[in-house]
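J.: Structure in C-alpha cells, see below.
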Amino acid sequence: MRTASSLAALCAVANASSPVTRVVTLLNELKAKIEADGKGEQKIYDKFACWCEKTTARKAKDIADAKEHIEELSVEIQKRKGQLGSLTAELAQLKKDLASNKASQKEATSLRSKENAEYQQTKNEMEEAIGALEKAINALSGAGMPGAGSSLITKEAKQARIMDIAADLRGALEMAPRGIVTREQAASVRGFFANPGSFAQTAAGSKGVDSYAPASGEIVGILKDMFDTFTSNLETASATEAENLKIFEDLMAAKQKEESDLQSTLDKKEAENAEATTVEADSQQDREDTSAQLETDEVFFDETKKDCRQKADDWATRTRLRTEELAGIEKAVEILTSPEAQSAFEGATSTFVQVSEEATPAAARTRAYNALKKISRGNARLALLAARVATQTGWHFDKVIAQIDKMIVSLRKEEKEDLAAKENCDEMESKAKAKKADLQKEIDGYKNDIGKLTTNKQEAEASITATIDEIDAQKQMMEQALADRNAEHEKFVAALKDDEAAVALLGQAIEALAAYEKKNKDELSFAQKKEDPEQPEYTIDEDKAPDASFSHGKNHDTESKGIVGIIEMIKEDLENEIKQEKQKEADDQAEYDAQLADDKKTMKALEARKADLEEEVAELEEKIAATESDKKNTKNDKDAAQATLDKLKPSCDWVAQTFDKRRTNRATELESLMEAKAVLAGASEDGGEEGGAGDAFLQRRS
C-alpha cells in the first residue's frame, strides 16, 4: 500500500494529481490565507490600539485642563463677586459723598448769599449814616462862620435845615455801635434831635446880618467820632466781606475740585463695576460651557477606554482562535500526509499511476537530498541529515524518516512556543503600557493639584503680606491719630489756661476800675454837682494844644464806664470762647474715642484675617507635601511598570522582530522536510514491492 506522501511524490513526478493531493494543497493555501489575514488584522489592531492610546491620553489631558480651567474660573468668579461687593459699597459711599459735597456747596452758597445780603444792607445803611454825619458835620461846623451870601438865607430856613439834619442823624445814632458815645453824649444828641432850634442862637453880625453859631462844640465832636467809627467799621466790614468772599471762593474751589475728583472716581468705579460684572457673567457662562464639555469628555473617555479594553479582549480571542484554526489545519495536513493514511488513500485509488523509470533509490535520494539541502543552510542538523540521505544506499530510509519526524515534531512545538511567547509579550506589554498610562495620568493630576495648591499658597502668602501692610498702616494711623489728639489736647489746655488767665486779669481790671468809683463815691458825687453843665468837657481842634489843667475825678466817668463795658464784653467773649473750646474738646475726644473703637475693631479683624491666612497656608503646605508624597509613590509605581517593560523589551523585541521570519522559515523547513519524508518513504515502500525496481506501473488493487 502506498502512503499519501509517496502518492504526492509520485504525483509530482508523474505530473498527475489526486483528490487528496488537491485537498492538501487547498489546506496549505487556506493556511497561507489565514496567516495573511492574521498579518492584515494585526496591522488593523495595531492602528486601533495606537488610536486608543493617543485618544485616551488626549482626552485625559482635556479633562485635566477642563478641571483646572473650571477651578480657575471658580476662583475668578469668587474674586469678581468680592470685587463687586466692594465696588457696590464704594459706589454707594461715593454717591453719598458726592451728594454731601453738592449739599455743602449749596449750603455754602446760600450762607454766602445771606452774608453778602447782610453786608450790602449794612453797607448801604452805614453809607447813608456816614453821608448824613458828613452832611451834619459840614453844616454844623460852618453854621457859626460868616460866608458869602449868608444874608440871603433867612433864620427860618437855616433852622429848617438844622431840623432836617437832625432828622437824618436819628438813624445814625441808632446804628452807632455800643461804647462809641456815652450816655451823656447820647442824651445831648437826642436833645439836639428833640429841639434843634435851641442849639442855635441869633446874634447881630458885624454888618447887622443874623448868623448862627452852635450852642456847643460837643455835638460836632460827637458826630465826628461817630463819623470816624462808622468809616472805620465800614472799612472793617468791607475787609471782612472781602475776606469772607475769598474764603468762600477758596472753599468752593476746594469743593468743586473735590466734586470733580469724586465724580472722576465714581466714573472709574462704575466702569470697573461694569467690567467686573461682564467678566463675572462671562466666567459663569464659560464655566457652564466647560462643565458641560467636561461631562461629555468624561463620558467619552470612559466609553472609549471600555471599548478599547473590549477590543483588546476581542483581539486576544481572535488571535487564539486563529492559532487554534491554524493548528487544526496543520493537524489535518499531518493526518492526510501521515503513513497510516497512505494505505487508505491507496485503496481508494481507481486509476493506475504510471511511474517512470526514474523512480529508483538513487533518484529518491537525489530529490530528498535536494529538498533537505535547500533548507539546511545555517542548520547543522539538517545539513547532517542531508549528508546521511546522500550517502544512504538501498531502499530503506527508516532511520532518516524517523529523524525527519522528530524534526517536524520539534518544529511544530517550536511554532506553538513562539506563538505563545508572542501572545504573552503582547498581553504583558499591553497591560504594562496601560498601567503606565494610567499612572502617568495620576501623576499629571498630582502635578495639576500641586500647581493649584502652590498658586493658592502664593496668593494666601501675598494676602498675608498685604494684611501685614494694612496692619502696619493701621497702627501708624492710630499712632498718628493719638499724637494728633494729644497735640490738640495740649493746645487746648494751653489755650484754656491763657483764656482763663485773661478772664481773671480782666476781672481784676474791672474790679480795680469799679473800686475807684466805689471808694470815692461821695466825693465824685459832690464834684459832679459843681460841674457846669453849660461847659463842654472837651473841644476837638487838631491845631490847638490840649489843656494841661487837672479836672475833677468824675470828669472821665463816661469814658471809664465805656472802657469797663468793653472789658466786660471782652471778658464775656472769652468766657463764651472757653465754653465753646471745652465743648469742642469734649466733642473731639468723643470723636477720637469712637474712631479709636472702630480702629481697634479693624485691627482685630485684620489680625483675625492674618491668622486665618496663616492657617490656610499651613494647611496648603500639608496638602502639597501629601500630594508630593502621593506623586512620588505613583512615580515609583510608574517606574516599576517601565522596569517591567524594559525587562520584557529584549525578549519581546526579539520575538516581534523574528516571529514572522522564523514562522516563514519554519514553514519552508516543514514543507521541505515533508517533501523529503514523502520521497524517502515512497522510495522505501517501492523497494519492498515484488516487482522490484523494474516494474513500470503500479496496479490498483481490486
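The values are calculated or read from the model by the stated rules, or taken from the named source; none is laboratory data. Because the structure is a prediction, the values reported are computed rather than measured. Backbone-built Cβ (ideal geometry, glycine too); neighbour counts: all protein chains shown. SASA here: full protein model, heavy atoms, side chains in, ligands and nucleic acids out. Shrake-Rupley method; radii C 1.70, N 1.55, O 1.52, S 1.80 Å.
J.: Any idea which of Ala611, Ala586, Ala626 is of a type outside the set (D, E, K, R) and under 25 Å from the mean Cα position of the chain (by Cα)?
T.: None of the other options fit; the residue is Ala611.
J.: Return the total of residues in region 251-275 being out of contact with any helix residue (DSSP H, G or I) (no Cβ under 9 Å at 6 or more places or on another chain) and either under 24 Å from Thr122 (Cα atoms) or open to solvent by less than 80 Å² (accessible area, probe 1.4 Å) (or both).
T.: The qualifying residues number 8.
J.: Just a yes or no: is a residue in region 429-447 within 23 Å of the chain's Cα centre (by Cα) and over 30 Å from Ala316 (Cβ atoms)?
T.: yes
J.: Just checking, does region 476-490 include any residue being open to solvent by less than 50 Å² (accessible area, probe 1.4 Å), charged (D, E, K, R) and in contact (Cβ under 8 Å) with a residue 40 or more places away in the chain?
T.: The answer is yes; a qualifying residue exists.
J.: Restrict the check to region 118-140 and report whether at least one residue is open to solvent by less than 50 Å² (accessible area, probe 1.4 Å), modelled with pLDDT under 85 and touching a Pro at 6+ places or on another chain (Cβ under 9 Å).
T.: Yes, some residue in region 118-140 is open to solvent by less than 50 Å² (accessible area, probe 1.4 Å), modelled with pLDDT under 85 and touching a Pro at 6+ places or on another chain (Cβ under 9 Å).
J.: Further question: Within region 428-451, how many residues turn out to be touching a residue at least 12 places away in the same chain (Cβ under 8 Å), over 17 Å from Asp646 (Cβ atoms) and among the charged types (D, E, K, R)?
T.: Of the residues in region 428-451, 5 are touching a residue at least 12 places away in the same chain (Cβ under 8 Å), over 17 Å from Asp646 (Cβ atoms) and among the charged types (D, E, K, R).
J.: Look through Ala502, Ala495 and report the one residue that is surrounded by 14 or more Cβ atoms within 10 Å (Cβ to Cβ), touching a residue at least 40 places away in the same chain (Cβ under 8 Å) and out of contact with any helix residue (DSSP H, G or I) (no Cβ under 6 Å at 6 or more places or on another chain).
T.: Criteria check complete, one pass: Ala495.
J.: Cβ-Cβ under 7 Å, sequence separation 6+ or interchain: first residue in region 40-54 and in contact (Cβ under 8 Å) with a residue 60 or more places away in the chain, partner among the small types (Gly, Ala, Ser). Which pairs?
T.: Glu53/Ala437
J.: Answer yes or no: is there a residue in region 294-307 that is buried (at least 17 other Cβ atoms within 10 Å of the Cβ), among the hydroxyl-bearing types (Ser, Thr, Tyr) and touching a residue at least 12 places away in the same chain (Cβ under 8 Å).
T.: no
J.: Also, I was wondering about something else. For region 624-637, state whether one or more residues are among the aliphatic types (A, V, I, L, M), crowded, with 16+ Cβ neighbours inside 10 Å and at pLDDT 90 or above.
T.: Yes, some residue in region 624-637 is among the aliphatic types (A, V, I, L, M), crowded, with 16+ Cβ neighbours inside 10 Å and at pLDDT 90 or above.
J.: Pull out all pairs, ordered by first then second residue, where Cβ-Cβ is under 6 Å, the residues are six or more apart or on different chains, the first lies in region 656-673 and is aromatic (Phe, Trp, Tyr), and the second is open to solvent by 30 Å² or more (accessible area, probe 1.4 Å).
T.: Phe659/Lys422
Okay, residues lined up against (1) within 17 Å of Lys311 (Cα to Cα); (2) open to solvent by 70 Å² or more (accessible area, probe 1.4 Å); (3) at pLDDT 85 or above:
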| site | (1), (2), (3) |
| --- | --- |
| Glu414 | no, no, no |
| Leu419 | no, no, no |
| Glu427 | yes, yes, no |
| Ser430 | yes, no, no |
| Asp438 | no, no, yes |
| Glu442 | no, yes, yes |
| Lys447 | no, yes, yes |
| Lys457 | no, no, yes |
